[in-house]
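The values are calculated or read from the model by the stated rules, or taken from the named source; none is laboratory data. Values in this document were obtained by computation on a predicted structure and should not be read as measured data. Cβ placement follows ideal geometry from the backbone for every residue including glycine, while neighbour counts extend to all protein chains displayed. For the accessible areas, the whole protein counts, side chains as well, though only heavy atoms, and no ligand, DNA or RNA atoms are used. Shrake-Rupley method; radii C 1.70, N 1.55, O 1.52, S 1.80 Å.
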Amino acid sequence: MENFQYILPEIFISVSIMLFLLVGVFKKNSANLIYNLSNISLVILLALIINLSSLDTTYLFNKSYLIDNLSNYMKIILVGSGIFVMLTGSKYIQVINLNKIEYPILILSSILGMMIMISSNDLIVFYMGLELQSLALYVLASFNRDNLLSTESGLKYFVLSALSSGLLLYGCSLTYGFSESTNFDQIFINSTEFNYGTTFGIVFILVGLAFKISAVPFHMWAPDVYQGSPTSVTLFFAILPKIAALSVFIKFLYTPFANMNDQWQTIIVFISIASMIFGAVAAIGQKNLKRLIAYSSISHMGYALAGLATVSNQGIQSSITYISIYLVMNLAFFSCLFMLKRNDKYYENIEDLSGLSKKHPILSFSLLIVLFSLAGIPPLAGFFAKFYVFLAVIEQSMYFLAIVGLLATVVAAFYYLRIIKIIYFDPEKEEYEISHNLGLKITLAISTIFILAYFIYPSGITEIVSKITMI
Amino acid sequence: MNFPILSSLILLPTIGAFFILFTKSTSGKYQSSKYVALFISLANFLLSLYLWYVFDKNSADFQFVENREWLSGFINYKVGIDGISILFIILTTFITPICIISVNATITNRLKDFLIAILIMETFMIGVFCSLDLVVFYLFFEAGLIPMFLIIGIWGGERRVYSAFKFFLYTLLGSVLMLVAIIAIYWITGTTDVEKLYELGIQVEYQNLLWLAFFSSFAVKTPMWPVHTWLPDAHVEAPTVGSVLLAAILLKMAGYGFIRFSLGLFPIASENFTMLVYILSLIAIIYTSLVALMQEDMKKLIAYSSVAHMGFVTLGIFTMTQQGIEGSIFQMISHGLVSAALFLSVGVVYERHNTRLINKYGGLVSIMPRYAIVFMVFTLGALGLPGTTGFIGEFLILMGAFEKNILVAMIASLGVILGAAYMLWLFKRVVFGKINNQELKSMKDLKTFEIITLSALVIPILFFGFYPEPLMNSIEASVENTLNMYNFDLINNLASKD
């Protein structure tokens, strides 16, 4: 029992989920109550995890569960962004009539699954967490069940995700077969010699993970699911599963397969380059903002993976910094989307932003900052994210990756500029109701100021992240 | 620790922009925001003059250096100035208030936003000329794209969207390679501090590639042929004030970068690529002069003449002689003043008559005599008549070029003649001749604020044209130092080969 405190956050959130479910069943019209309770429980969860971060690295459950700096940091940004996702979406789900008791509970279970993924140190525990988060996500994607697009996106996500889970499982079993263990550390010890079995295992596992992180060529689901899901769920999709999948990427590449980096490095480099280029090029023709942000997130994941491809601590840290800044930018972008409301209808086409700057100067200024930051223009936060990644990439003399990546940012800059053009240069349209939701405004303010003022003290995140060392 | 005068110079306009954010935008004709902006920019100008006054002109060292930890463990925020950068800073702080005064005429909507954009722009421009760290330099260099993109895009002419995109993407494309090079320098030498890099030097085997990466960025920004095509578009579509900023200061960033970084950090590569720069500069001088000759749009003509003048600048820098480099710096300052003045002059008639086509004008001398006089001064300045700043710059550059390569110098001299041709022809068609267009007769002569801005530009053009000593004094020591380092590196390199 002496290790009880380490697993306390997971236990707490599981108990909360079950409790809320009971409340939901026995108390009528309790959707609002549960939504608020879930938010509070997330805050408590965050406090519990932060409390843990002062402790040493610990293995639990026969070395199948690991609490260390990486997992703590990832959980903190995961739960932190979870809180903001709930805050920003609360008004939205009321307006489009999705405020049901299942919604917050599904989000909580998905977060629980991700926490298990992040902390797992064993193939079986990892898979358990992965499936828990995925199952919750399938339902969330099709949560707006009267909407054709939403059901389609849920179904599509389910089918493709099941396929990738199958591949992942196959990879896991191959790895298990050839390295005689499911424990990550044990696999590392047993896989010193090259053999085809483990290599195949790595490839299948990477395919499965690339699917979860929506990296090219396993990105096909992302645009449809982003577009079809309710916007609050899209925001969830854009941030939380990416954090979890990236930390699992780091874990897999640098714990069990750390010896085989010459096997997987080329794969990661390829996935990274393909994502950067494809994400940048495919987004150019998009008309729907959610779809566009899907492609943009594909290309951003390419940059995050570029850091991992370097096989260096600097690279891992840069990836983690990248995803931390990425999530803030996405929060800000979606907060702006949630504000485009008129007569109880939300707008999500690029054309709907036309001339926004005349009637809504503050909102459009935030969008301007966010979009330039997404494009990676200094002195905004997005530039520093890319800067760290390329710092790591060039340290390893991977000039090709760096140059392709930076050229892709120029292509990507085009479609971000196009949105800015529509906001600032085009004739104005009807006025939107500025939503008076406090949570939304706070989120937008915090994230915009973060992006804008990041350059004043840019070492903040890096100093925290620099404690995470894998190699 | 002394008062951080450079940081205040950089930050003051941004602080001013914040104040403007809180001024009233609905009442009257937006006066309050304009006065705040004018006040801030004038304060900044005075501050920079004070800086020039206390600046030690006999020393080639960087002065007023501020060095702060910024990106922990990697990069420091380091700013400082030498005799070269101080002139560009003063040019920036001098042009900005002029821009703000001339805002009156051209900007009708969203004046507040426009002033904020200009002040933010000023921050970035001063930052570029102050920074002594490559990453800090890159940050300011790139950040300037954002306000300029908005200035062209929001307040520009008909094809503003196309021009704004072209401007942004061209410049970004050039610059990303420079970012790669900067990071590579960091890993090769362990620092991006310019002063340290001057001491350490960069190994010869890396220099060529790094030089090319920097060149790709500076060549676009200069702009050099064949990547100059964004400039005429941007100039034509930008509002008058935008064109002024673009021509007077933004283009100078690249010339400054050539001297500070290409020559200073990669001397051996600079020597290797001298011929490339000569050829591109000559093409720029001759070809764009010819193109300028045939333009029907006044702004476009001046834009092409800018490309030709910047061709002289790059030529002068890469002569690697004291006269050549000093001439280039002088030419940049001169071009900053003259092109700003020319664009303002075009703005004057454009605002009255709403067209920039040359053949719609003619005979202005009898309607607007004062305008004709100042316009003549600027025209003569642009073609380099002795007694104007333009002459001294071109003369020194050609002197440097004759010392190195007679053929190059002769072809470049041809550019001077062509320059005289297109400028005088422009002047003749617009100002002299009969009044063919009867609508012109209703045009009024210069208003008070136009007299202020234009005469503010006439004075330095003529003053420094007759008495260039103050400017020359300021740059002499620094140029000498740059050249000494350059020659020292070259000799060392030759010695190590033998």
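Observations
- For chain A: relative contact order, % (alpha-carbon pairs under 8 angstrom, 6 or more apart): 14 percent
- Cross-link reach is defined here as a Cα-Cα straight distance under 17 Å, omitting same-chain residues fewer than 8 places apart; for A:Lys75 the lysines meeting it are A:Lys242, A:Lys251, A:Lys467.
- Under 17 Å of direct C-alpha separation, and excluding same-chain neighbours fewer than eight residues apart, B:Lys447 reaches these aspartates and glutamates: B:Glu351.
- If you sort the three axes of the alpha carbon gyration tensor as a ≥ b ≥ c, you get a/c of 1.5 or more for the stretch A:349-471 and a/b no higher than b/c, which makes it oblate.
- Nearest-0.05 FRET efficiency for B:Leu385 and B:Leu276, computed from C-beta distance (R0 25 Å): 0.20
- For the stretch A:342-439, the fraction of 1.4 Å probe accessible surface lying on carbon and sulfur atoms is 59 percent.
- Probing with 1.4 Å while keeping every protein chain in the model, the per residue accessible area of the stretch B:190-272 equals 23 Å².
- Other residues with beta-carbon under 12 Å from the beta-carbon of A:Ser191 carry, at +1 per Lys or Arg and -1 per Asp or Glu, a net charge of -3.
- The stretch B:1-128: Rg to Rh, with Rh as the Kirkwood radius over Cα pairs: 1.04
- Shielding of B:136-146 by partner chains, average beta-carbon count, 10 Å: 4
- Loop-located GluC sites (Glu not before Pro) in the stretch A:351-432, at most 14 other Cβ atoms within 10 Å (DSSP): A:Glu428, A:Glu430, A:Glu431
- Three-way shape call for chain A based on the alpha-carbon gyration tensor, with the a/c threshold at 1.5: oblate
- Low-density loop cleavage sites - chymotrypsin sites (Phe, Trp or Tyr not before Pro) in the stretch B:377-465, where at most 15 other Cβ are within 10 Å (DSSP): B:Phe432
- For the residue pairs B:Lys112/B:Lys166; A:Lys91/A:Lys156; A:Lys100/A:Lys358; B:Lys78/B:Lys299; A:Lys212/A:Lys358, alpha carbon separations beyond 29 Å are given by A:Lys100/A:Lys358; B:Lys78/B:Lys299; A:Lys212/A:Lys358.
- Tensor-based shape of the stretch B:357-498 (alpha-carbon gyration tensor, a/c under 1.5 rounded, otherwise prolate or oblate): prolate
- Per-residue [θ]222 nm for the protein assembly as shown (sum of -39500 (n - 2.57) over DSSP H runs n ≥ 4, rounded to 500): -25000 deg cm²/dmol
- The portion of the accessible surface of the stretch B:58-214 made up by carbon and sulfur, rounded to a whole percent, is 54 (1.4 Å probe; DNA, RNA and ligands excluded).
- Net charge over other residues, Cβ less than 10 angstrom from the Cβ of A:Tyr65 (K, R count +1; D, E count -1): -1
- Crossing angle, helix B:389-404 versus chain B [Cα axis fit, 0-90 degrees, rounded to tens]: 40 degrees
- Sequence-separation-based contact order of the stretch B:132-196, relative, with Cα cut under 8 Å and 6+ spacing, percent: 46 percent
- Relative protection proxy for B:354-363, A:131-140, from highest mean packing down: A:131-140, B:354-363 (other beta-carbon atoms within 10 angstrom).
- In this rough spin-label picture, where each label sits 7 Å from Cα along the Cβ direction, the B:Gln203-B:Asn354 distance is 6.5 nm.
- B versus A: buried accessible surface, summed, Å² (probe 1.4 Å, to nearest 100): 3300 Å²
- Counts of other chain beta carbons within 10 angstrom of each beta carbon in peptide A:355-368 average 1.
- Net charge, B:Ala412 excluded, C-beta distance under 12 Å - Lys, Arg +1, Asp, Glu -1: 0
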